[in-house]
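Scroll down for the structure; my scribbles are underneath it.
The values are calculated or read from the model by the stated rules, or taken from the named source; none is laboratory data. Being a predicted model, the structure only gives us computed values, none of them experimental. Here Cβ is always computed from backbone atoms with ideal geometry, including for glycine, and neighbour counts include all displayed protein chains. Note: areas computed on protein heavy atoms with side chains; ligands, DNA, RNA excluded. Shrake-Rupley method; radii C 1.70, N 1.55, O 1.52, S 1.80 Å.
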Amino acid sequence: MSRRHSAKYKIDRRVGENIWGRAKSPFNKRNYRPGQHGQNRRNKVSDFGTQLMAKQKLKAYYGDITEKQFSKTYEEAARMKGNSAENLIGLLESRLDAMVYRSKFVPTIFAARQFVNHGHVTVNGRRCNISSARLKPGDVVQVREKSRNLALVLEALGSGERDIPDYVEVDPKAMTSTYKRVPTLADVPYPVKMEPSQVVEFYSS
């Protein structure tokens with residue numbers, strides 16, 4: 001398992017947006033880049049810079065996954081029929097950790113990855129601890145019985161910070177969620193504007 005060594009909320013300030021829409025993000029108080037000269041950086045951004053930032057923002061949103069894993073996901077999206085940008089979003093949203101996050105079983109995408117890695121969920125009745133596992137429409141994710149009273153889970157379920165999208169069907173009592181369909185970009189409740197088409201341009205240039 002790869003590890004993220006930097007503080008996750010520095011990512012918000014680095015990309016210049018509160019990408020998870022969280023109230024505790026430091027970007028809400030310091031909406032400039034980190035570092036000694038963060039407030040003075042006003043450089044004009046090139047096309048490449050715009051594409052790179054779009055890629056970094058999308059990659060960070062899904063738990064700051066590794067470049068190797070993200071580029072492989074793009075390559076898979078590019079091989080699929082249809083719009084590569086939409087395919088990319090569909091593949092990212094099909095990850096098990098993304099599904100756990102969308103279902104509001106945990107408060108953050110980072111917590112979702114750890115939650116899965118520690119074996120707290122099952123997929124179609126079978127234990128799965130691979131956060132990047134790909135789900136198919138109709139798959140059912142469930143929090144294991146011994147994990148349902150964890151403070152992390154109770155906090156997330158009681159939070160009004162996020163809404164559950166319509167491509168995920170959650171039963172709070174049974175602690176299950178069903179992946180109903182692969183979403184499009186318009187379906188995904190991103191707090192900020194994501195531009196997967198710029199990500200496609202980045203990798204194809």
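Name every residue in the stretch 79-89 that is in a helix (DSSP H, G or I) and exposed (fewer than 14 other Cβ atoms within 10 Å of the Cβ), in order of residue number.
ARG79
Does LYS104 qualify as being open to solvent by less than 40 Å² (accessible area, probe 1.4 Å), within 18 Å of the chain's Cα centre (by Cα) and not aromatic (Phe, Trp, Tyr)?
Yes.
Only residues that are under 19 Å from GLY125 (Cα atoms) and in contact with a strand residue (DSSP E or B) (Cβ under 8 Å, 6 or more places away or on another chain): list them for the stretch 154-205, please.
The answer is VAL168, GLU169, VAL170, ASP171, ALA174, MET175, THR176, SER177, THR178, TYR179, LYS180.
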